[in-house]
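Student: This is the structure I have questions about; it appears just below.
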Amino acid sequence: MFTLARYWWVVALRGLASLIFGVLALIWTREAIEVLVILFGAYALVDGIFALAAAVSGRAHNLGGLWLEALVGIAAGAVALIRPDVAALALVYFIGGWAVVTGVLEVVAAARLRHYVEGEVWLALAGVVSVLFGILVFLNPGAGAFAIAWMIGVFAIVFGVVLLSLAFSLRRFHRRFGESPRHFPTGGTAARMG
């Protein structure tokens, strides 16, 4: 907890990056979708080629798995670059799954922080927003890439604001209790203290 509070500014930077990403996704919706698909395609293709090179060299421990990884990577990259519409839909499902998993983990982290820091509710709220966003993505994948890009943009802005709120709560905690738990009262939450 004290380490997280010491590095509150990292949480703030994450929130700021999310805000910037969200605004850019709303301003440049079409470009955001195209760039995401192209970057994914290029990455998957290059990763697949390197995995293929490792499999061909025969020096890896799990050659069967490496061959499979290479073929899937090359195929995914090729599909993303040749049929970006198909890749965009797959990316939408991936983003939905990521949002749900991230949200659940944030709610769990907030539950663990509740005894140590004021404002843990912001992290729980970020988790709930993330899970709801992921569910909406799964329920409406055919709504179109533009709608998904807008949802991603709005999500990123809300997520960024929530993370900035958490960061400033952590900063207050850090200023109050410093670097070590020796000055931290036991029993009860930080929110109830003086």
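What follows is calculated from the coordinates using simple rules that are stated; it is not laboratory data. All figures in this text were calculated on a predicted structure; none of them were measured in a lab. Quick reminder, even Gly has a Cβ in these numbers, built from the backbone with ideal geometry, and neighbours come from all protein chains shown.
Student: Step through the residues of segment 37-54 one at a time and calculate ³J(HN,Hα) from phi using the Karplus curve (6.51 cos²θ - 1.76 cosθ + 1.60, θ = phi - 60°), rounding each to whole Hz and writing x for Gly and Pro.
Tutor: Residue by residue, segment 37-54 yields 5, 5, 4, 4, x, 5, 4, 4, 5, 5, 4, x, 5, 5, 5, 4, 4, 5 Hz.
Student: Seen from all sides and averaged, what is the projected area of the convex hull of the Cα atoms in segment 2-178, in nm²?
Tutor: Convex hull of Cα atoms, orientation-averaged projection: 12.1 nm².
Student: Starting at the first residue of segment 92-108, write each ³J(HN,Hα) from the Karplus equation 6.51 cos²θ - 1.76 cosθ + 1.60 with θ = phi - 60°, in whole Hz, x for Gly and Pro.
Tutor: Listing the rounded values in order: 4, 5, 4, 4, x, x, 4, 4, 5, 4, 4, x, 4, 5, 5, 5, 4 Hz.
Student: Report the extension gain between I135 and A53 in nm, rounded to one decimal, defined as 0.36 nm multiplied by the number of residues separating them, less their alpha carbon distance.
Tutor: Using 0.36 nm per residue and subtracting the Cα-Cα distance, I get 25.7 nm.
Student: Please state the shape class of segment 47-144: rounded when a/c is under 1.5, otherwise prolate if a/b exceeds b/c and oblate if not, all from the C-alpha gyration tensor.
Tutor: oblate
Student: Related question: Extension gain A17-D85, at 0.36 nm per residue separation less the Cα-Cα distance, in nm?
Tutor: 21.8 nm
Student: Here is a follow-up. Tell me the label-point distance for the pair Y43, V72, using the 7 Å Cα-to-Cβ offset, in nm and rounded to one decimal.
Tutor: 1.6
Student: Mind giving me the nanometre distance, one decimal, between the label points for V108 and W28, set 7 Å out from Cα along Cα→Cβ?
Tutor: So the two model labels end up 3.6 nm from each other.
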